[in-house]
Amino acid sequence: MAGHGLNPNRTAHTMSNVLLGIAAGLVFGVASVAMMLPMSFPDKSVAPSAAFVDRFAIGVVIGCVQLPWPGWATGLTFGLLLSLPSAIITKAYAPVLVVGALGGLIIGGVIHGWLPRA
């Protein structure tokens, strides 16, 4: 069993990060949809739904990933990476990427910490 990552303390910690990622993704998704409410779209339900799923995924992925980087760097990387397809499709590069980057940075810092891992 050695080398398979079956340390019970690590499993509890990983589960905690996953739940934090889900919670953070829900909050980030709702906040993104709230920012979009004053805007007008041809189909009022599609764009906010897509934005919610996009931002929720950022939180979940950041909660699931374990990298040796500072948490903010992990979050920033995945926030940008997962926001890029939406930015390309909508051609709204600056707002989509900035919100994704800031949300990812905050989520990563909160879940994984602000300093490099020891």
Mind checking which helices in the chain clear 30 Å along their axis (Cα) and have mean Kyte-Doolittle hydropathy of 0.5 or more, DSSP H runs only? 8-36
Can you give the calculated 222 nm mean residue ellipticity of the chain, where each DSSP H run of n ≥ 4 adds -39,500 (n - 2.57) and the sum is split over every residue, rounded to the nearest 500 deg cm²/dmol? -26000 deg cm²/dmol
Pairs of alpha-carbon atoms within less than 8 angstrom and 6+ residues apart define the contacts here; what relative contact order does the stretch 8-112 have, in percent? 30
Dividing the mean separation of Cα pairs under 8 Å (6+ apart) by the residue count of the stretch 70-118 yields a relative contact order in percent of 59
Write down the radius of gyration of the stretch 8-112 and its Dmax, each obtained from C-alpha positions, in Å. 14.0, 50
With Kirkwood's inverse mean 1/r over C-alpha pairs for Rh, give me the Rg to Rh ratio of the stretch 35-88, two decimals please. 1.08
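None of the figures in this text is laboratory data; all of them are computed from the coordinates on show. Just so you know, these numbers come straight off a predicted model, no measurement behind them.
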